[in-house]
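Bear in mind that the values in this text are calculations on the coordinates, not laboratory data. All values reported here derive from a predicted model rather than from experimental measurement. All Cβ positions, even for glycine, are placed from backbone atoms using ideal geometry, and neighbour counts span all protein chains on display.
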């Protein structure tokens with residue numbers, strides 16, 4: 001029984017890209033055609049969940065690789081996609097958007113899940129907060 005579950009898990013992981021490419025392409029189109037407010041409102045809507053729970057780091061690594069292949073560089077778009085994938089696989093991520101104005105407007109987006117902060121803009125980088 002345990003071996004059968006392991007095989008199902010491996011099979012599920014092999015098809016991760018295929019199962020999630022539609023979500024990535026949909027978000028890419030929304031990002032190109034929608035206003036900031038529309039994008040934020042779409043994040044508040046429920047996301048259909050998958051009955052399987054996949055490890056957080058697996059989702060991040062696979063989605064980051066897919067985003068790199070598609071040459072998606074925007075930290076905001078990358079974070080949105082990873083946020084939605086984590087929610088899809090029954091995790092509870094938080095999307096953070098930071099904005100500052102020096103001479104011009106600067107912004108950055110990242111994900112937090114299970115007390116890990118994940119910067120998806122350069123591959124992925126996990127960082128912690130020192131309290």
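Quick notes on this structure:
- Packing-based exposure ordering (other Cβ within 10 Å, fewest first) of 36, 58, 76: 36, 58, 76
- Among 42, 79, 35, the ranking by other beta carbons within 10 Å of each residue's beta carbon, starting with the fewest, stands as 35, 42, 79.
- Computed label-point distance, nm, for sites residue 42 and residue 117 using a 7 Å Cα→Cβ extension: 2.7
- Label-to-label distance, nm, for residues given as residue 30 and residue 62 (7 Å Cα→Cβ offset): 2.0
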